[in-house]
Amino acid sequence: MSQLHLGVFDILTPNQMTQGLWAHPRNESHRYNTLPLWIEIAKLLERGKFDFIFFADSYGYPDNNAELALREAVYAPVADPMLLLSALAASTTHLGFVTTASPTFEQPFANARRFSTLDHLSEGRIGWNVVAAGGTSAAKAFGREDTLGHSERYDQADEFLEASYKLLEGSWQDDAVVRDKEKRLFADASKVHVVRHEGRYFKLEASHACEPSPQRTPVLFQAGSSERGRDFAAKHAEGVFLKAPTQEALRDQVADIRRRAEAHGRDPRDIKIFSGLSAIVGRSREEAQQKEAEYRAYRSREAALLTYANATGIDLDALDPDAPFTGISTERGRSHTERYTRHSGSVQTVRQVADNFADKEFRGIRLVGTPEEIADGMQEWAEATGIDGFNLERYLLTDTLRDFVDMVVPVLQERGLFRREYEESTLRERLFGAGNRRLPDRHPGAAFRNLAETDKAR
Ligand SMILES: Cc1cc2nc3c(=O)[nH]c(=O)nc-3n(C[C@H](O)[C@H](O)[C@H](O)COP(=O)(O)O)c2cc1C
């Protein structure tokens, strides 16, 4: 088995995957808006040789129950992770940083400038999680009635990426910057090209604001696991976050993404696939189980169900608990309805869905045990499904991460499953090997490198 890739999944808000856990006395997540906490975490992860830390982000919470959302800190308040990253880059040398920006709300020009700036400042350690986000409250925050429907949001994201590739890959030629003080020539204007994009959703005429950064296009991540989401991922993504209830379902999704990538003319190995991992580790199994019981005692069912309503638009508490959870459709995130319908194997009642969700929320694979047992579980899941790595999900900041770094990483290293030292410098090289700083030629973004030619033809 080849070596695993490891990331951490987090968000700048007190609760992440177990609503209520912010109140645990040892949880430092209430300091989510302070730099010292994240700098300590970034340094810890670099000591553990992690590939990256990933920050999810979205607009528009609280959606439909502000009193509960604010009382229990259900994804509210939430701060902007992008503004954290240059400080974390300055505190580390190797760790990668992935953050979220949604084509539903951003504009290609400003978004490309932000990511290029971060790619410069971090010397090539940046990734971008592209989310075709939906949601009425977020839309209203931007002066709109609603976002587009599910499938059209992916069309919008597709076009957003095309405009972004033109800016990031095509606008500046590699040798445009001369930086010659004696000649007083900073950049050669004949090698900086104006992007003219006019599509269904976006229009722009501009050259990219930034000179070429180490990776140009940041490493592209995607996390939608609906049919349309997977097709989008197979076309564009270099890192895919998948979640499935069973090994069989995950294996099928992995195979499906790789098959679709081939159909898009890509090499299936150009995509690294990650699953969420919630690991509770103890020096003995009893100690780990004790920790799990302690964490569970802080759970809030009402807050958990609110996160379900926010992600899907479905209020499970308002439905008949004995009714079958079938014929359900949503224009919001489909992964979270399909998890209980097409990926579930049997028909579930609304009560079963609510109980299951209140227990697991959005967590991925859950492992509880000794460092060896956690490593066994990771190995088994990776071998059975073909995933390339895991995204560690917090219970407590920073205990969960420290336990993993101190106890599980050494076992993975001992088994030859994880790096002992960092070797590559950029995030893309860390995932795909030295020399792969830029998008591969077979990636659809590479087709926009010849803007010089189209510009001249005008
Ligand atoms: C690991 C992971 C990270 C995610 N990060 C975000 C995020 O940062 N912002 C967001 O709005 N949605 C996030 N999501 C949700 C998905 O991007 C997606 O919107 C959701 O799964 C619904 O898409 P789908 O209908 O194509 O499945 C994340 C999902 C997963 C599994």
*Hey, E72 of a type in the set (D, E), farther than 30 Å from R415 by Cβ and touching a residue at least 60 places away in the same chain (Cβ under 8 Å) or not*: yes
*Return only the number of the condition from (1) touching a helix residue (DSSP H, G or I) at 6+ places or on another chain (Cβ under 7 Å); (2) farther than 26 Å from S2 by Cβ that A234 does not satisfy.*
(2)
_Residues that are under 25 Å from Q173 (Cα atoms), among the hydroxyl-bearing types (S, T, Y) and modelled with pLDDT of 95 or more: does the stretch 419-433 have at least one?_
yes
*Only one residue in L95, L84, L88 is closer than 12 Å to L12 by Cα and touching a strand residue (DSSP E or B) at 6+ places or on another chain (Cβ under 8 Å). Which one?*
L84
*Inside the stretch 314-339, can you point out the residues that are farther than 20 Å from D146 by Cβ, away from the ligand (no atom under 13 Å from the Cβ) and part of a loop (DSSP other than H, G, I, E, B)?*
L319, D320, P321, D322, A323, F325, T326, G327
*Would it be correct to say that N356 is out of contact with any Leu (no Cβ under 9 Å at 6 or more places or on another chain) and closer than 25 Å to A297 by Cα?*
yes
*Consider E159 carefully, then state whether it is under 22 Å from the mean Cα position of the chain (by Cα), within 15 Å of the ligand (Cβ to nearest atom) and surrounded by fewer than 19 Cβ atoms within 10 Å (Cβ to Cβ).*
no
*Do we find a residue being surrounded by fewer than 16 Cβ atoms within 10 Å (Cβ to Cβ) and at pLDDT 95 or above anywhere in the stretch 368-378?*
yes
*State all residues of the stretch 52-69 that are in contact (Cβ under 8 Å) with a residue 12 or more places away in the chain, away from the ligand (no atom under 16 Å from the Cβ) and not hydrophobic (A, V, I, L, M, F, W, C); if no residue qualifies, say none.*
N64, N65
_All positions within the stretch 363-386 that are out of contact with any Ser or Thr (no Cβ under 7 Å at 6 or more places or on another chain) and not in a helix (DSSP H, G or I)_ = L367, V368, G369, G386
*Could you say which residue among Y201, Y154, Y165 is within 16 Å of the ligand (Cβ to nearest atom) and surrounded by 13 or more Cβ atoms within 10 Å (Cβ to Cβ)?*
Y154
*Test set (1) among the hydroxyl-bearing types (S, T, Y); (2) crowded, with 23+ Cβ neighbours inside 10 Å; (3) more than 12 Å from the ligand (Cβ to nearest atom); (4) part of a loop (DSSP other than H, G, I, E, B) - T104 fails condition number*: (3)
_Residue in the stretch 320-329 that is within 25 Å of the chain's Cα centre (by Cα) and within 21 Å of N391 (Cβ to Cβ) present_ = no
_Which numbered condition A354 misses (of (1) surrounded by 20 or more Cβ atoms within 10 Å (Cβ to Cβ); (2) free of Cβ contacts under 8 Å to residues at least 40 places away in the same chain; (3) of a type outside the set (K, R))_ = (2)
*Is it the case that some residue within the stretch 295-307 is closer than 30 Å to R415 by Cβ and not basic (K, R)?*
yes
*Could you tell me which of the residues S278, S284 is away from the ligand (no atom under 14 Å from the Cβ) and either in contact (Cβ under 8 Å) with a residue 40 or more places away in the chain or touching a Leu at 6+ places or on another chain (Cβ under 6 Å) (or both)?*
S284
_Selected residue (criterion: nearest to L427 (Cα to Cα)) from residues of the stretch 41-82 that are over 21 Å from the mean Cα position of the chain (by Cα) and assigned to a helix (DSSP H, G or I)_ = R47
*Can you name the residue in the stretch 15-71 that is in contact with a helix residue (DSSP H, G or I) (Cβ under 7 Å, 6 or more places away or on another chain) and of a type in the set (F, W, Y) and is also surrounded by the most Cβ atoms within 10 Å (Cβ to Cβ) among such residues?*
F52
*Residue check: is D403 surrounded by fewer than 20 Cβ atoms within 10 Å (Cβ to Cβ), charged (D, E, K, R) and more than 21 Å from the chain's Cα centre (by Cα)?*
no
*Taking the stretch 204-233 as the search range and keeping residues that are more than 15 Å from the chain's Cα centre (by Cα) and among the hydrophobic types (A, V, I, L, M, F, W, C), which one is farthest from the ligand (Cβ to nearest atom)?*
A206
*Restricting the search to the stretch 342-351, which residues are surrounded by 17 or more Cβ atoms within 10 Å (Cβ to Cβ) and within 16 Å of the ligand (Cβ to nearest atom)?*
H343, S344
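The values are calculated or read from the model by the stated rules, or taken from the named source; none is laboratory data. Just so it is clear, the structure is predicted and the values come from calculations on it, not from any experiment. A quick note on method: Cβ atoms are made from the backbone with ideal geometry, for glycine too, and the neighbour counts reach across all protein chains shown.
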